[in-house]
Amino acid sequence: MRRHQWKGGGGMRTSVERSLWLTVPGARAWLALGWLLWLGLALLFAPRVGVMLGPGGAAIGFLAAGWAFARALPPPVECFRRYHLDDDEVTAIGPGAKVRRLAWDRVETVTQRGGVLGLAGDGIRIAVPFRRLAETSLWSAALARVVPELATDVWDRLEDGEEVRLAPVLDPAWTTLTWWAWGPTAVASVAIGGASALGIAAVLALAERVVVFALAHARRIRLDRAGIAIRDGRRGRVIPWSRVEVARVEQGIRVADRDGAATVIRAGLRNFWIALPVIELRATLAPHCPSRVTFRARCADGGLAVVGEVDTVA
């Protein structure tokens, strides 16, 4: 038997896996104070803004400002949460006595969205503050707990003839929009005293969600045994694995046909970090992709290498 190894995700080559033990706050107290200030401004200044811009204009203004806050900030309830990560599981603590636990081997999806790393499995969703995690060398140790097993599963599914779809998550998320945009806008509309303001805000909120859904649908990526399907403008195209060229860029990865245009697959796709080593390895080995590959993670000096091990007959 001959073992072939493909290594990606950095230059780390040690097989020592670092122990994981980290507790981070969901958000600092100033976030809750900022939300209360924003809600108070919406309540106090809404009548004056309504006089200047009209009920509809005021609703549009408050909704737009809240949407911008939702894009940049987590929900204020995060001030009352803490997240603990160890070798066995990730735990969300709060608000109050509420505790949610998700074992690493039960994680099914991994998503990097805005300032959070979303983990989901067994009906449990936990969003760990991404920036706090990325500031430590334990970021790679956290990913090492979930990427290898899920990447191996993706490879097996492709070889079994299944399709794997990578879809963007909705940004801003529903919960964040409720706290920063919809709630304050509803308060402002009531303060203005006009049903038209509330109606316009509801229509705009619905339109925003429709646009976000449409964009997410258009940016979906499909992987199968033959190649990778991407959208180029209004049209979709399939690039065979033997013609795929992959390069890492700041936003994610750049995927191109050897003789065609390139497309950037962004890191915000659901399970992007799981599919990344699979895409890179299939592009490297095609058209002779083995039927079975086992992915392993190796950490050192704050870096992460995902290694694909292939057993072949010499």
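Residues in segment 137-176 that are closer than 17 Å to Arg266 by Cα and part of a loop (DSSP other than H, G, I, E, B): Ala167, Val169, Leu170, Asp171, Pro172. Screening segment 49-129 for strands (runs of 3 or more DSSP E) wholly inside it with 2 or more residues that are surrounded by 20 or more Cβ atoms within 10 Å (Cβ to Cβ) returns the ranges 82-86, 89-93, 109-113, 116-121, 124-129. The one condition from (1) outside the structural domain of Thr111 (by the TED database); (2) part of a strand (DSSP E or B) that Val264 does not meet is (1). Residues in segment 210-233 that are free of Cβ contacts under 8 Å to residues at least 12 places away in the same chain and within 17 Å of Leu63 (Cβ to Cβ): Val210, Val211.
Of the candidates Phe80, Phe130, Phe69, the single residue that is under 17 Å from the mean Cα position of the chain (by Cα) and of a type in the set (Phe, Trp, Tyr) is Phe130. The condition of being surrounded by 19 or more Cβ atoms within 10 Å (Cβ to Cβ) and under 22 Å from the mean Cα position of the chain (by Cα) does not hold for Ala167. Per the conditions (1) part of a loop (DSSP other than H, G, I, E, B); (2) under 19 Å from Gly161 (Cβ atoms); (3) touching a residue at least 12 places away in the same chain (Cβ under 8 Å); (4) not hydrophobic (A, V, I, L, M, F, W, C), the sole criterion not satisfied by Arg282 is (1).
The values are calculated or read from the model by the stated rules, or taken from the named source; none is laboratory data. Remember, it's a predicted structure, so these values are computed and weren't measured experimentally. Cβ atoms come from the backbone with ideal geometry, glycine included; neighbour counts cover every protein chain shown.
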